[in-house]
1. Output the number of residues of the stretch 89-137 satisfying the condition of being farther than 17 Å from Val62 by Cβ and of a type in the set (S, T, N, Q).
2. Would you mind stating whether Ile43 is among the β-branched types (Val, Ile, Thr) and either surrounded by fewer than 21 Cβ atoms within 10 Å (Cβ to Cβ) or at positive phi (or both)?
3. Of all the residues that make up the stretch 1-17, how many are touching a residue at least 12 places away in the same chain (Cβ under 8 Å), assigned to a helix (DSSP H, G or I) and open to solvent by 80 Å² or more (accessible area, probe 1.4 Å)?
4. Has the stretch 76-86 got any residue that is under 20 Å from Phe15 (Cβ atoms) and among the small types (Gly, Ala, Ser)?
5. Under 7 Å between Cβ atoms, which residue pairs at least 6 apart in sequence (or on different chains) link something in the stretch 18-45 that is touching a residue at least 24 places away in the same chain (Cβ under 8 Å) and farther than 15 Å from Ser70 by Cβ with a partner that is assigned to a helix (DSSP H, G or I) and acidic (Asp, Glu)?
6. Quick check: anything in the stretch 50-67 within 17 Å of the chain's Cα centre (by Cα), open to solvent by 30 Å² or more (accessible area, probe 1.4 Å) and more than 21 Å from Thr162 (Cβ to Cβ)?
7. Can you say whether Asp76 is of a type in the set (Asp, Glu), farther than 23 Å from Gly96 by Cβ and surrounded by fewer than 19 Cβ atoms within 10 Å (Cβ to Cβ), as far as the supplied structure shows?
8. Taking the stretch 86-121, which residues are surrounded by fewer than 21 Cβ atoms within 10 Å (Cβ to Cβ) and in contact with a Lys or Arg (Cβ under 8 Å, 6 or more places away or on another chain)?
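The values are calculated or read from the model by the stated rules, or taken from the named source; none is laboratory data. Everything quoted here is computed from the prediction, not taken from an experiment. Cβ placement follows ideal geometry from the backbone for every residue including glycine, while neighbour counts extend to all protein chains displayed. Just the protein is used for accessible areas: all its heavy atoms, side chains included, with ligands, DNA and RNA removed. Shrake-Rupley method; radii C 1.70, N 1.55, O 1.52, S 1.80 Å.
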Amino acid sequence: MRSETDALAAVGFYFLVPVSSPGNHSGTYAQGGAAAQAATTDIQTAINAGRVDLPPTSNHAVYLHLDVESVSLSADYWNGWWDACRASFITSPKYGTWQPIYSGAYASPNDAATMNVLTAAAATRPCYGLWTTYPSARDCTYCAAPGPDWSNAVGHSGLTLTMWQYGIHELAGFPNSGCPYSNPGPACSSPYPNVDLDQSSPLFTQTDYMLWIT
(Lines give C-alpha, C1' and ligand atoms only; values in the text may rest on other atoms or scores of the structure.)
Protein backbone atom coordinates (compact mmCIF):
# COMPACT_ATOMS: atom_id res chain seq x y z
CA MET A 1 0.00 0.00 0.00
CA ARG A 2 2.97 2.33 0.49
CA SER A 3 3.37 3.11 -3.20
CA GLU A 4 -0.35 3.75 -3.64
CA THR A 5 -0.69 6.09 -0.67
CA ASP A 6 2.51 7.94 -1.54
CA ALA A 7 1.23 8.45 -5.09
CA LEU A 8 -2.09 9.81 -3.83
CA ALA A 9 -0.46 12.14 -1.33
CA ALA A 10 1.91 13.41 -4.00
CA VAL A 11 -1.03 14.80 -5.99
CA GLY A 12 -2.91 16.16 -2.99
CA PHE A 13 -5.25 13.30 -2.11
CA TYR A 14 -5.23 12.37 1.56
CA PHE A 15 -8.34 10.23 1.92
CA LEU A 16 -9.34 6.69 0.92
CA VAL A 17 -12.81 5.18 0.55
CA PRO A 18 -12.40 1.52 1.52
CA VAL A 19 -14.25 -0.93 -0.73
CA SER A 20 -14.16 -4.72 -0.67
CA SER A 21 -14.81 -6.94 -3.70
CA PRO A 22 -15.22 -10.48 -2.34
CA GLY A 23 -17.03 -11.65 -5.48
CA ASN A 24 -19.51 -14.04 -3.82
CA HIS A 25 -22.02 -11.60 -2.38
CA SER A 26 -25.00 -13.80 -3.23
CA GLY A 27 -23.84 -16.31 -0.62
CA THR A 28 -24.48 -17.18 3.00
CA TYR A 29 -24.36 -15.34 6.31
CA ALA A 30 -21.05 -17.02 7.13
CA GLN A 31 -19.55 -16.01 3.80
CA GLY A 32 -20.59 -12.40 4.32
CA GLY A 33 -19.10 -12.40 7.80
CA ALA A 34 -15.84 -13.92 6.61
CA ALA A 35 -15.52 -11.33 3.83
CA ALA A 36 -16.07 -8.47 6.27
CA GLN A 37 -13.51 -9.91 8.69
CA ALA A 38 -10.96 -10.15 5.87
CA ALA A 39 -11.65 -6.56 4.81
CA THR A 40 -11.38 -5.14 8.32
CA THR A 41 -8.17 -7.11 8.87
CA ASP A 42 -6.77 -5.44 5.75
CA ILE A 43 -7.68 -2.03 7.19
CA GLN A 44 -5.96 -2.88 10.45
CA THR A 45 -2.88 -4.09 8.57
CA ALA A 46 -2.69 -0.80 6.66
CA ILE A 47 -3.02 1.18 9.89
CA ASN A 48 -0.34 -0.94 11.55
CA ALA A 49 1.96 -0.20 8.59
CA GLY A 50 1.53 3.52 9.20
CA ARG A 51 -0.02 4.24 5.82
CA VAL A 52 -3.57 5.23 6.87
CA ASP A 53 -5.49 5.98 10.05
CA LEU A 54 -9.04 6.47 11.27
CA PRO A 55 -10.61 9.89 10.68
CA PRO A 56 -10.24 12.50 13.47
CA THR A 57 -13.95 12.58 14.31
CA SER A 58 -15.76 11.90 17.60
CA ASN A 59 -16.39 8.20 16.92
CA HIS A 60 -13.79 7.69 14.14
CA ALA A 61 -16.40 5.97 11.96
CA VAL A 62 -15.36 4.55 8.59
CA TYR A 63 -17.78 3.46 5.86
CA LEU A 64 -16.62 0.18 4.35
CA HIS A 65 -18.36 -0.38 1.02
CA LEU A 66 -19.29 -3.81 -0.24
CA ASP A 67 -18.75 -3.97 -4.00
CA VAL A 68 -21.91 -5.50 -5.47
CA GLU A 69 -21.46 -6.14 -9.17
CA SER A 70 -22.38 -8.88 -11.67
CA VAL A 71 -24.35 -10.89 -9.08
CA SER A 72 -27.10 -9.47 -6.87
CA LEU A 73 -26.69 -9.27 -3.11
CA SER A 74 -28.43 -11.81 -0.89
CA ALA A 75 -30.03 -10.86 2.42
CA ASP A 76 -28.04 -13.51 4.29
CA TYR A 77 -24.76 -12.24 2.91
CA TRP A 78 -25.57 -8.62 3.76
CA ASN A 79 -26.59 -9.58 7.29
CA GLY A 80 -23.35 -11.49 7.85
CA TRP A 81 -21.28 -8.70 6.34
CA TRP A 82 -23.03 -6.02 8.38
CA ASP A 83 -22.81 -7.88 11.69
CA ALA A 84 -19.11 -8.64 11.25
CA CYS A 85 -18.34 -5.04 10.30
CA ARG A 86 -20.02 -3.68 13.41
CA ALA A 87 -18.34 -6.29 15.63
CA SER A 88 -14.86 -5.48 14.34
CA PHE A 89 -12.39 -3.65 16.55
CA ILE A 90 -9.81 -1.40 14.94
CA THR A 91 -6.83 -0.07 16.88
CA SER A 92 -5.30 3.25 15.89
CA PRO A 93 -1.93 4.34 17.27
CA LYS A 94 -3.39 7.83 17.67
CA TYR A 95 -6.99 7.21 18.76
CA GLY A 96 -6.90 3.83 20.50
CA THR A 97 -9.32 0.95 19.97
CA TRP A 98 -12.79 1.50 18.50
CA GLN A 99 -15.58 -0.34 16.70
CA PRO A 100 -15.68 2.15 13.83
CA ILE A 101 -16.68 0.12 10.77
CA TYR A 102 -20.08 0.82 9.22
CA SER A 103 -21.43 -0.91 6.13
CA GLY A 104 -22.01 0.84 2.83
CA ALA A 105 -22.59 -0.56 -0.64
CA TYR A 106 -21.19 0.14 -4.09
CA ALA A 107 -24.04 -0.93 -6.35
CA SER A 108 -26.22 0.03 -9.27
CA PRO A 109 -29.71 1.33 -8.46
CA ASN A 110 -30.85 -0.70 -11.48
CA ASP A 111 -30.04 -3.90 -9.57
CA ALA A 112 -33.55 -4.35 -8.15
CA ALA A 113 -32.73 -7.43 -6.09
CA THR A 114 -29.81 -5.70 -4.34
CA MET A 115 -31.82 -2.53 -3.74
CA ASN A 116 -34.63 -4.62 -2.25
CA VAL A 117 -32.20 -6.31 0.15
CA LEU A 118 -30.73 -3.00 1.28
CA THR A 119 -34.07 -1.24 1.76
CA ALA A 120 -35.61 -4.23 3.56
CA ALA A 121 -32.69 -4.22 6.01
CA ALA A 122 -32.85 -0.48 6.67
CA ALA A 123 -34.45 -0.76 10.11
CA THR A 124 -32.00 -3.28 11.54
CA ARG A 125 -28.89 -3.36 9.32
CA PRO A 126 -28.90 -0.07 7.40
CA CYS A 127 -26.72 0.72 4.44
CA TYR A 128 -24.93 3.78 5.78
CA GLY A 129 -23.89 5.00 2.38
CA LEU A 130 -24.88 4.08 -1.17
CA TRP A 131 -22.10 4.60 -3.71
CA THR A 132 -23.95 4.31 -6.98
CA THR A 133 -22.27 3.06 -10.14
CA TYR A 134 -24.88 4.69 -12.33
CA PRO A 135 -23.41 7.38 -14.60
CA SER A 136 -25.13 10.49 -15.88
CA ALA A 137 -27.39 9.82 -18.84
CA ARG A 138 -28.10 13.38 -19.96
CA ASP A 139 -25.11 14.29 -22.10
CA CYS A 140 -21.34 14.03 -22.08
CA THR A 141 -20.80 17.38 -20.42
CA TYR A 142 -21.48 15.71 -17.08
CA CYS A 143 -18.24 13.74 -17.53
CA ALA A 144 -16.12 16.86 -17.61
CA ALA A 145 -14.99 19.59 -15.23
CA PRO A 146 -16.26 21.10 -13.03
CA GLY A 147 -18.11 17.88 -12.22
CA PRO A 148 -21.61 16.47 -12.06
CA ASP A 149 -24.97 18.14 -11.62
CA TRP A 150 -26.35 16.46 -8.50
CA SER A 151 -29.90 17.22 -9.57
CA ASN A 152 -29.36 14.39 -12.07
CA ALA A 153 -27.89 11.91 -9.58
CA VAL A 154 -29.58 8.51 -9.62
CA GLY A 155 -30.00 6.94 -6.18
CA HIS A 156 -32.70 4.75 -4.71
CA SER A 157 -35.67 5.52 -2.49
CA GLY A 158 -34.97 4.75 1.16
CA LEU A 159 -31.18 4.77 0.78
CA THR A 160 -28.81 7.69 1.34
CA LEU A 161 -26.76 8.45 -1.77
CA THR A 162 -23.37 9.56 -0.46
CA MET A 163 -21.18 8.99 -3.53
CA TRP A 164 -21.95 9.05 -7.24
CA GLN A 165 -19.85 7.49 -9.98
CA TYR A 166 -21.13 9.90 -12.57
CA GLY A 167 -18.65 9.05 -15.33
CA ILE A 168 -17.38 5.60 -16.24
CA HIS A 169 -14.38 4.91 -18.42
CA GLU A 170 -15.27 2.98 -21.56
CA LEU A 171 -14.14 -0.63 -21.35
CA ALA A 172 -12.85 -2.41 -24.43
CA GLY A 173 -15.66 -4.44 -25.91
CA PHE A 174 -18.33 -2.66 -23.85
CA PRO A 175 -19.24 0.41 -25.92
CA ASN A 176 -22.14 1.41 -23.67
CA SER A 177 -20.10 1.48 -20.46
CA GLY A 178 -18.84 5.01 -20.88
CA CYS A 179 -20.45 8.33 -20.05
CA PRO A 180 -23.33 8.64 -20.36
CA TYR A 181 -24.97 5.26 -20.00
CA SER A 182 -27.20 4.08 -22.83
CA ASN A 183 -30.22 3.44 -20.61
CA PRO A 184 -31.94 5.77 -20.01
CA GLY A 185 -31.05 8.28 -22.64
CA PRO A 186 -28.94 8.11 -25.76
CA ALA A 187 -25.38 6.89 -25.54
CA CYS A 188 -22.70 9.21 -26.83
CA SER A 189 -19.45 7.98 -28.28
CA SER A 190 -17.14 10.69 -26.93
CA PRO A 191 -15.67 12.06 -24.88
CA TYR A 192 -15.42 9.21 -22.41
CA PRO A 193 -13.54 9.99 -19.21
CA ASN A 194 -10.00 8.62 -19.03
CA VAL A 195 -10.77 7.19 -15.60
CA ASP A 196 -13.94 6.58 -13.62
CA LEU A 197 -15.22 9.83 -12.10
CA ASP A 198 -16.70 9.93 -8.61
CA GLN A 199 -17.90 12.66 -6.31
CA SER A 200 -19.35 12.71 -2.81
CA SER A 201 -22.69 14.32 -2.13
CA PRO A 202 -22.61 18.08 -1.43
CA LEU A 203 -25.03 17.31 1.44
CA PHE A 204 -22.60 14.93 3.14
CA THR A 205 -19.00 15.29 4.38
CA GLN A 206 -17.63 12.03 3.01
CA THR A 207 -14.10 12.66 4.28
CA ASP A 208 -15.41 12.31 7.85
CA TYR A 209 -16.01 8.63 7.07
CA MET A 210 -12.92 7.80 5.03
CA LEU A 211 -9.49 6.49 5.94
CA TRP A 212 -6.95 9.30 6.19
CA ILE A 213 -3.57 8.87 4.54
CA THR A 214 -0.77 9.48 7.03
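1. Final tally of qualifying residues: 9.
2. Against the criterion (among the β-branched types (Val, Ile, Thr) and either surrounded by fewer than 21 Cβ atoms within 10 Å (Cβ to Cβ) or at positive phi (or both)), Ile43 does not qualify.
3. Adding up the residues that qualify gives 1.
4. To start, the set of residues in the stretch 76-86 that are under 20 Å from Phe15 (Cβ atoms) comprises 85.
Restricting the remaining residues to those that are among the small types (Gly, Ala, Ser) gives none.
No, because not a single residue in the stretch 76-86 is under 20 Å from Phe15 (Cβ atoms) and among the small types (Gly, Ala, Ser).
5. Short answer, once both residue conditions are applied: Thr28/Asp76; Tyr29/Asp76; Gly32/Asp76; Gly33/Asp83.
6. Taking the stretch 50-67 first, the residues within 17 Å of the chain's Cα centre (by Cα) are 54-55, 61-67.
Going one step further and asking which of them are open to solvent by 30 Å² or more (accessible area, probe 1.4 Å), we end up with none.
No, every residue in the stretch 50-67 fails to be within 17 Å of the chain's Cα centre (by Cα), open to solvent by 30 Å² or more (accessible area, probe 1.4 Å) and more than 21 Å from Thr162 (Cβ to Cβ).
7. Working: of a type in the set (Asp, Glu): yes; farther than 23 Å from Gly96 by Cβ: yes; surrounded by fewer than 19 Cβ atoms within 10 Å (Cβ to Cβ): yes.
Yes: the conditions hold for Asp76.
8. Of everything in the stretch 86-121, those that are surrounded by fewer than 21 Cβ atoms within 10 Å (Cβ to Cβ) and in contact with a Lys or Arg (Cβ under 8 Å, 6 or more places away or on another chain) turn out to be Gln99, Tyr102.
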